[in-house]
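Values quoted throughout were computed directly from the atomic coordinates according to the rules given, and no laboratory measurement underlies them. Bear in mind that the values here come from a model prediction, so they are computed numbers and not experimental data. Every residue, glycine among them, receives a Cβ derived from its backbone with ideal geometry; neighbour counts consider all protein chains shown.
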């Protein structure tokens, strides 16, 4: 919407905003204030003759506040989504959701689940079945699910401590596309390429017709990883990797002993455009010899830990 990353699951409900001017007019009109009339009853008889009275007016700020509340209720009912997944050009056929479940996906797992649930919600609003494929759990016979069942299957997914071979899901995907040639495939990628990324994308292109594949790799930070450590005479040097330049440019590596107690932190910083850097532990040799575990602070994935 006008450059803002906001979408709605039920955009037609926003048409109710057109009724706000009518609501403004109705809220401005209130019954006249009651008048205090003294008894006796004869005084009541004199007031029997009907008189035309002008309704009192509600203060403009109170009316505006009521209209704002009504507008917020309408917008909430329309189901707003922040950073909605890209919409496919098709609104019929099944939606095949491919989810990377390797170690790199653990870094922002909850954000990926949010995106996947938003895709399933769109399928539900369009009355389309969903097929769920996880790269860490390849299936030969992939079945279509109702959106409610797909949510339950998605809830059971967990990131693996290794990087699965994405090619393992291709046979099941090819068989499904034969049965559902008009299906739209959405790949929720973790952004990690271990050398087979181009081959996997080419294989997807062979099995999926043009215009029916959507790849989502943005919206979440890519994972950081440790690629080994070298204990030199003056320092312990740890190599830190990142998948792309969207990840934070700096951080720290923490060293722990066998009991899990911290022994020290070593900061690291990536140069502009660099995908590799180093963290140095300038500690006494005795303390460095007690290091049993290295981990990137704040990173929750198997790739961010070195034993």
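Express in nm, to one decimal, how much length is gained between residue 73 and residue 127 on full extension, taking 0.36 nm for each residue of separation and deducting their alpha carbon distance.
Working: separation 54, 0.36 × 54 = 19.44 nm, distance 2.49 nm.
Gain on stretching residue 73 to residue 127: 16.9 nm.
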Original post:
So how far apart, in nm, are the two label points at residue 278 and residue 149 if each is 7 Å from Cα heading toward Cβ?
Top reply: 5.5
Original post:
In vacuo Debye scattering of the range 224-306, one point per C-alpha: log10 I(q)/I(0) at q = 0.16, 0.22, 0.23, 0.25 Å⁻¹?
Top reply: -0.55, -0.99, -1.07, -1.24
Original post:
Going by how many other beta carbons lie within 10 Å of each one, how would you line up 287, 120, fewest first?
Top reply: 287, 120
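Under 8 Å for C-alpha pairs, at least 6 residues apart: give me the relative contact order for the range 224-306, rounded to a whole percent. Please list the in-between numbers first.
Working: 168 pairs, mean separation 28.9, N = 83.
Relative CO of the range 224-306 lands at 35 percent.
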Original post:
Given the range 95-216, what percent of its DSSP beta bridges are antiparallel, to the nearest 5?
Top reply: 10
Original post:
Going by how many other Cβ atoms sit within 10 Å of their own, how do 240, 215, 305 line up, fewest first?
Top reply: 215, 305, 240
Original post:
Taking the highest mean first, how do the peptides 198-210, 136-148 order by number of other beta carbon atoms within 10 angstrom per residue?
Top reply: 136-148, 198-210
